[in-house]
Amino acid sequence: MNTQLTKKVFVMALAALVLYGCGKKKEKNEVIVHELSDTDMLNPTNYQSADAGYYIAQMFQGLWGTNPRTLEYEPILAKALPIEEYDSIKNLLTYTCELREEAKWDNGEPITPADVIFSIKMYKAPVISNEPQRPYFELISDVITYPDNPRKLTIVCNKKYILAKSVAGGFVVIPRYIYDPKNLMENFSIGDINTKFAEIEQDARMKEFATEYNSEKFQRDSGYIVGSGPYAFDQWVTGQKIVLKKKKNWWGEKFNNEYSYEAFPDKLIYQTIKDQTAALTALKGKRLDVMYGIKSKDFVEQLQTSEEVKKNFTLNTPLSMAYTYFGINMRNPKFEDVRVREALAHLTDVEKIIKVIGYGLGERVNGPVNPYKKGAFNDTITPYDFNIEKSKVLLAEAGWKDSNGDGTIDKKINGQQTEFNITFTYNAGNDSRRDAALIFKEACRQVGINVDVVPQEWSIYLENQNKHDFEMYYGAWIGSPNPDDPKQIWHTESINGGSNYVYFGNAETDKLIEDIRSELDDEKRNNLYRKFQVAVHDAVPYIFIWSPKERIAISKRFTNTETFIVRPGFNEASFKLSQNN
Amino acid sequence: MKPVEIETKSGKTEAGKKVFFARISFPLFGYILKRILIFIPTLFIISLLTFILISAAPGDPAETMLSRSSSEGQASDKLATERSYRELRHKLGLDLPIFYFAFTNTAQSDTLIRIPTKNHREMLDRLVYEYGNWPQIENYYHQLKTLEFSIIATKKDSTNVDALIELRNTVAKVFIHHQDVVLSALFTDLKEQSALAPNLVDIKAKVEATEIAYSKIKSEASVWKRYVPKVQWSGTHNQYHRWLFGEARWVGEETDPTLGKGFIRGDYGISFFTKRPVKSVIWDGLWITMLISILVIVIEYIISIPLGISLAIRKGSAYDSGMTVALFITYSLPVFWIGTMAIFFLCSPDYIEIFPPFGLGDATMEDGFFYKFGDLAYHLALPLIIASYASFAYLSRQMRGSMLTVLGADYIRTARAKGLPENKVIWRHAFRNSLLPIITIFASFFPALIGGSIILEFLFTIPGLGQITYAAVIQKDYPMILTNTMFAAILTLVGYLVSDILYAVVDPRISYSKK
């Protein structure tokens, strides 16, 4: 009797669930974007995760920014692009612009240069949790306002630097009246923060402001995350979703022919689904409108083959700004000879790696500059081809022979007979890197080099690179649409403390890098970039592998869903609901 | 006969009640008190061990926090970055000694931990181990730093630029090496390199000063110090004290809002990653995990108990053996696989779309109770089934075993001999007694209440404590790890205590009083 009843209850419950599940789907002007994990916070200046940056960009605005479709600067809060001036005597670079007269906060007050100054202080002041961002803003030394024009301002940078323009206009402008109602930051000028940093750090008013500003409510409470952008923060269900709502009567509505003012959906919903299978299932069930960062295997095998999916979604593969590479320790006695490094490059079957491991979703790269950066990219460089015979010749020229007949080539280095063994490290858990390394290992075996592929836990992997304690490793870099500053990775000053793990560089390349950093003229800088790529290619510090393509599925419910190279590869605010829906 | 039976029965119950209260009276009460007192040192040791393990693990949270956002950006001024790093370490308290005191040797230094770069700390630590004279080593490090900055600050021109690069590279190596052979070679290189250009006199002098400082380490080595033990007293200004008691004032109003109050005053700190108070992060996950765990336990018992009984009754039948095999098969199927399969087949329009593949639903505060309840039930149904199936085998075997024991007892035979129907024998006489072992197992579920299931939470994107703990470990979020560990420890201890008490209450043969 008991089991009978249980069965009945169970069946009824199941039926109820099915009915409940069926009545769910509605066509709404809302975009649901898949995210793999919850973000850290929505404080517009303290956040650290990339996702938070995307959401904040829908709620806050900068002075100017890069249009990802054209990779050109466009004015946002500024009326027009700023006037760039360089004072060579004082070594000051200035950007002068005027704010749009229509620009308003939610309370109807206009956005003023005082708000801009306040925002810059958020990136520079002590006690605020801005440590990661602070070094970048050392560049901004002052902001000049003009009493005769309340909307005009000049941002002063303390040196000639290619990234100055993106730093000076790229930060978000935040309303003082929300974030500093007591006007405590009025007590400290930008100049004071530059010169009396330690003193301000101990100031009770600074501590009071920063404790409040760092607090939870400015990270995730509605009413405390307020910007001038088209979307307002609506809701954050921890670990599940973040919802942004379109503002009614937003001041920027009339500019919606400009890229950064496009804001068509009523709601943007960022839905966390941790498990890839679950996310794909949700996508197929049309519970998601956008899914990005889809695993290549799933993208090719599950999505591209499904008619149902292709009927409902566009499957986009824009190229990304990232590239992967094998790093070679140039100061290791085995790799000191450039011919050896060239031989290793000839042993890397990049086409096979892209085809087998990347499912063909990528493009080979020939150097550190992304092909999309037209002008800067040097298309005359041909990457090292996969050529075992050539590699044998090069190794023999460099003195590597199998003298003891054990199948592994060897050489006397500093009087010691050294067998050619390579320890190749990658971050544990990244199976596609392991598989690429195994393809390399197999080719090396054919010339008598023994490669040991070793996984390392992420923090150890990074620490060993910092200590230059590696022979070869599999790494990747992600670029940005701004001009590349090669210093972090390629300058010899970055060997200790920077990211020049492989010991690349000499006086000539250092000079090139320094010239690139301070050359504001695009044409001249592009020439330098092209020279620089040749220098990198010739020295073979890295074996450049490929630039993976993004894998993005976007619902056909929407139009105007163009994808682009800049992460995350799409802009959900531009989506327009299709007419036929 | 009948009236007598009723009389004895009621009499028995009365007596049972009395016995129950008698049992939790003095001896047991004293026992509980003693156990709770033992909690204090146990928790203390657990917290200390966690602390030591965390600090010994590779990786540096301050470094991770700074580099997380710079993956996309560009490196900037070395000095500015170093300053940021130093400040962050200070803010997080990572530049403090770990505990009040440390058993070391006289060679060890108390200021080594303040050196901001991890690689450098390791190099210096090795030198200290080898030569045992911290003052000289500290001086050497200072000289080396001066040398590094003078190289960076030297103005480049066509004559010295090559030399400068070589110098920088060599200095970078000096910073991470401690073996005498390597260092001697490096100093020879440095001297050669600084002689390459005429305008590097200043650097040359600094190279020499550094080498002198290094040779002083060797000549004034005090290796014996390594063998002289020392108790190094750090006072209350240490990481452990800061975490446990906090730095804020105990009496009166604290004026500095940046100081924490410490674990025992209910301030669990600020998460390194989300920068939220640990308390609210945990609270967000806690109610979900508790809700799911309780529901799972209820489901497990509701299914397993009748199942176990039915198996015991039909012992040896085809039903019994068939069911046993089936249960063991389910028991051996891993949750992550079944979960993935369930999502793949039961949530997808390609097959049968019954359940949602993720989350806890979209109900908001404004929605009515029934909508909220329905939404939650709809989303939780599949995760709950997945979470509970594996325990059916274990629990039902337990139930079957204890039922069989009871069924073999004399009083059951008596009951049967009296001619009571089998139904009555089982449900009135055997059932209650056979439940006892199952009840005590319950206490062992306590830690799971807070631990949650990482796999389940991951598969269905349920933002519970399991996920939070896992993320904290991956992100080296020290305050989160510590708080989670402490609460898990407390619940485990309480769980064991409850289970011990239940044993005593349930089984008269177990007593905790001294004989």
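The values are calculated or read from the model by the stated rules, or taken from the named source; none is laboratory data. Fair warning: this is a prediction, and the values are worked out from it, not measured in the lab. Positions of Cβ are generated from backbone atoms using ideal geometry, with glycine treated the same way; all protein chains shown enter the neighbour counts.
Scan the range B:88-131 for residues that are in a loop (DSSP other than H, G, I, E, B) and within 13 Å of chain A (Cβ to nearest Cβ) and jot them down.
So the first thing to find is which residues in the range B:88-131 are in a loop (DSSP other than H, G, I, E, B), and the list is B:93-100, B:106-111, B:115-117.
Those that are in a loop (DSSP other than H, G, I, E, B) and within 13 Å of chain A (Cβ to nearest Cβ): B:94, B:116, B:117.
Inside the range B:205-224, residues that are among the basic types (Lys, Arg) and either within 14 Å of chain A (Cβ to nearest Cβ) or crowded, with 16+ Cβ neighbours inside 10 Å (or both) make up a count of 2. Comparison of A:363, A:351 shows that the only residue that is assigned to a helix (DSSP H, G or I), surrounded by fewer than 21 Cβ atoms within 10 Å (Cβ to Cβ) and not basic (Lys, Arg) is A:351.
The rows are residues; the columns are (1) of a type in the set (D, E, K, R); (2) within 14 Å of another protein chain (Cβ to nearest Cβ); (3) more than 30 Å from residue A:528 (Cβ to Cβ); (4) without any contact (Cβ under 8 Å) to a residue 40 or more places away in the chain.
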position	(1), (2), (3), (4)
A:394	no, no, no, no
A:400	no, no, yes, no
A:426	no, no, yes, no
A:431	yes, no, yes, yes
A:435	yes, no, yes, no
A:439	no, no, yes, no
A:461	no, yes, yes, yes
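Regarding residue B:264, is this residue assigned to a helix (DSSP H, G or I) and within 14 Å of chain A (Cβ to nearest Cβ)? Give the steps one after another, and end with the answer.
Working: assigned to a helix (DSSP H, G or I): yes; within 14 Å of chain A (Cβ to nearest Cβ): no.
When the stated conditions are applied, residue B:264 does not pass them.
Could we say that residue A:169 is out of contact with any His (no Cβ under 8 Å at 6 or more places or on another chain), within 17 Å of residue A:111 (Cα to Cα) and either of a type in the set (Asp, Glu) or not in a helix (DSSP H, G or I) (or both) here? Talk me through it step by step, then tell me what you get.
Numbers: out of contact with any His (no Cβ under 8 Å at 6 or more places or on another chain): yes; within 17 Å of residue A:111 (Cα to Cα): yes; either of a type in the set (Asp, Glu) or not in a helix (DSSP H, G or I) (or both): no.
Criteria not met by residue A:169.
Scanning the range A:131-140 turns up at least one residue that is within 26 Å of the chain's Cα centre (by Cα) and either among the acidic types (Asp, Glu) or closer than 23 Å to residue A:256 by Cα (or both).
When residue B:341 is tested against (1) buried (at least 17 other Cβ atoms within 10 Å of the Cβ); (2) within 13 Å of another protein chain (Cβ to nearest Cβ), just one condition goes unmet, and that condition is (1). Just checking, does the range A:474-481 include any residue being away from chain B (no Cβ under 14 Å) and either crowded, with 19+ Cβ neighbours inside 10 Å or modelled with pLDDT of 90 or more (or both)? Yes, the range A:474-481 contains at least one residue that is away from chain B (no Cβ under 14 Å) and either crowded, with 19+ Cβ neighbours inside 10 Å or modelled with pLDDT of 90 or more (or both). Pairing each residue of the range B:78-104 that is surrounded by fewer than 18 Cβ atoms within 10 Å (Cβ to Cβ) with any residue that is in a strand (DSSP E or B) and among the hydrophobic types (A, V, I, L, M, F, W, C), provided the two are 6+ apart or on different chains, yields C-beta distances under 9 Å for B:100/B:233; B:101/B:231; B:101/B:233; B:102/B:231; B:102/B:233; B:103/B:231; B:104/B:231.
Specify the residue that is nearest to the other protein chains (Cβ to nearest Cβ); the eligible residues are those in the range B:160-187 that are in a loop (DSSP other than H, G, I, E, B) and in contact with a Leu (Cβ under 9 Å, 6 or more places away or on another chain).
In the first step, residues of the range B:160-187 are kept if they are in a loop (DSSP other than H, G, I, E, B); the result is B:160, B:175-179.
Add one more test, that the residue is in contact with a Leu (Cβ under 9 Å, 6 or more places away or on another chain), and what stays is B:160, B:175, B:177-178.
Numbers: B:160: 9, B:175: 7, B:177: 10, B:178: 13 Å.
Ranking the qualifying residues of the range B:160-187, first place goes to B:175.
Would you confirm whether or not the range B:134-151 contains a residue that is within 13 Å of chain A (Cβ to nearest Cβ), under 23 Å from residue A:330 (Cβ atoms) and without any contact (Cβ under 8 Å) to a residue 40 or more places away in the chain? Don't jump to the end; show me each part of the working.
Initial filter on the range B:134-151 (within 13 Å of chain A (Cβ to nearest Cβ)): B:144-145, B:147-149, B:151.
Then drop every residue that is not under 23 Å from residue A:330 (Cβ atoms), which leaves B:148, B:151.
Retained after the next criterion (residues that are without any contact (Cβ under 8 Å) to a residue 40 or more places away in the chain): B:148.
Scanning the range B:134-151 turns up at least one residue that is within 13 Å of chain A (Cβ to nearest Cβ), under 23 Å from residue A:330 (Cβ atoms) and without any contact (Cβ under 8 Å) to a residue 40 or more places away in the chain.
Being modelled with pLDDT of 90 or more, under 30 Å from residue B:461 (Cβ atoms), part of a helix (DSSP H, G or I) and out of contact with any strand residue (DSSP E or B) (no Cβ under 7 Å at 6 or more places or on another chain) is a description that applies to residue B:384. Quick check on residue B:327: is it over 30 Å from residue B:66 (Cβ atoms) and touching a Lys or Arg at 6+ places or on another chain (Cβ under 7 Å)? When the stated conditions are applied, residue B:327 does not pass them.
Rundown of residues vs (1) basic (Lys, Arg); (2) touching a strand residue (DSSP E or B) at 6+ places or on another chain (Cβ under 9 Å); (3) more than 22 Å from residue B:386 (Cβ to Cβ); (4) assigned to a loop (DSSP other than H, G, I, E, B), yes/no style:
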position: B:253; (1), (2), (3), (4): no, no, yes, yes
position: B:258; (1), (2), (3), (4): no, no, yes, yes
position: B:272; (1), (2), (3), (4): no, no, yes, yes
position: B:279; (1), (2), (3), (4): yes, no, yes, no
position: B:283; (1), (2), (3), (4): no, no, yes, no
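Residues that are within 14 Å of another protein chain (Cβ to nearest Cβ) and at positive phi: does the range B:426-449 have at least one? Before the answer, list the steps.
We begin by selecting, within the range B:426-449, every residue within 14 Å of another protein chain (Cβ to nearest Cβ); these are B:426-427, B:431.
Checking the rest, the ones that are also at positive phi come to none.
No, because not a single residue in the range B:426-449 is within 14 Å of another protein chain (Cβ to nearest Cβ) and at positive phi.
Based on this model, can you work out whether residue A:545 counts as more than 9 Å from chain B (Cβ to nearest Cβ), in contact (Cβ under 8 Å) with a residue 40 or more places away in the chain and surrounded by 18 or more Cβ atoms within 10 Å (Cβ to Cβ)?
Working: more than 9 Å from chain B (Cβ to nearest Cβ): yes; in contact (Cβ under 8 Å) with a residue 40 or more places away in the chain: yes; surrounded by 18 or more Cβ atoms within 10 Å (Cβ to Cβ): yes.
When the stated conditions are applied, residue A:545 passes them.
Do we find that residue A:370 is touching a Gly at 6+ places or on another chain (Cβ under 8 Å) and either in a loop (DSSP other than H, G, I, E, B) or not hydroxyl-bearing (Ser, Thr, Tyr) (or both) in this structure? Here the answer is yes, as residue A:370 does meet what is asked.
Among the criteria (1) more than 15 Å from residue A:341 (Cα to Cα); (2) at pLDDT 95 or above; (3) part of a strand (DSSP E or B), the one residue A:417 does not fulfil is (2).
Yes or no: the range A:138-146 includes at least one residue that is within 12 Å of chain B (Cβ to nearest Cβ) and part of a helix (DSSP H, G or I). Yes, the conditions are met somewhere in the range A:138-146. Screening A:281, A:277, A:324 for residues that are crowded, with 22+ Cβ neighbours inside 10 Å, β-branched (Val, Ile, Thr) and over 23 Å from the mean Cα position of the chain (by Cα) leaves exactly one candidate, A:281.
If you go through the range A:153-209 and keep only what is within 12 Å of chain B (Cβ to nearest Cβ) and closer than 22 Å to residue B:259 by Cα, you end up with A:197, A:198, A:201, A:202, A:203, A:204, A:205, A:206, A:207, A:208, A:209.
Restricting attention to the range B:321-338 and to residues that are out of contact with any Phe, Trp or Tyr (no Cβ under 8 Å at 6 or more places or on another chain) and within 14 Å of chain A (Cβ to nearest Cβ), the residue that is surrounded by the most Cβ atoms within 10 Å (Cβ to Cβ) turns out to be B:323.
Pairs meeting the criteria (first residue in the range A:338-352 and among the basic types (Lys, Arg), second residue part of a helix (DSSP H, G or I), beta carbons under 6 Å, at least 6 apart or on different chains) are A:339/A:394; A:339/A:397; A:341/A:335; A:352/A:439. In the condition set (1) over 30 Å from the mean Cα position of the chain (by Cα); (2) at pLDDT below 90, residue B:323 is compliant with all but (2).
For the range B:245-281, the candidate set comprises residues that are of a type in the set (A, V, I, L, M) and at pLDDT 90 or above; within that set, the residue that is surrounded by the fewest Cβ atoms within 10 Å (Cβ to Cβ) is B:270. Scanning the range A:554-562 turns up no residue that is within 30 Å of residue B:159 (Cα to Cα) and among the aliphatic types (A, V, I, L, M).
I'm trying to understand the selection: among the residues of the range A:259-286, which are more than 7 Å from every other protein chain (Cβ to nearest Cβ) and not in a loop (DSSP other than H, G, I, E, B)? Spell out how you get there, then give the answer.
We begin by selecting, within the range A:259-286, every residue more than 7 Å from every other protein chain (Cβ to nearest Cβ); these are A:259-271, A:276, A:279-280, A:283, A:286.
Hits for the range A:259-286 are A:259, A:260, A:261, A:267, A:268, A:269, A:270, A:271, A:276, A:279, A:280, A:283.
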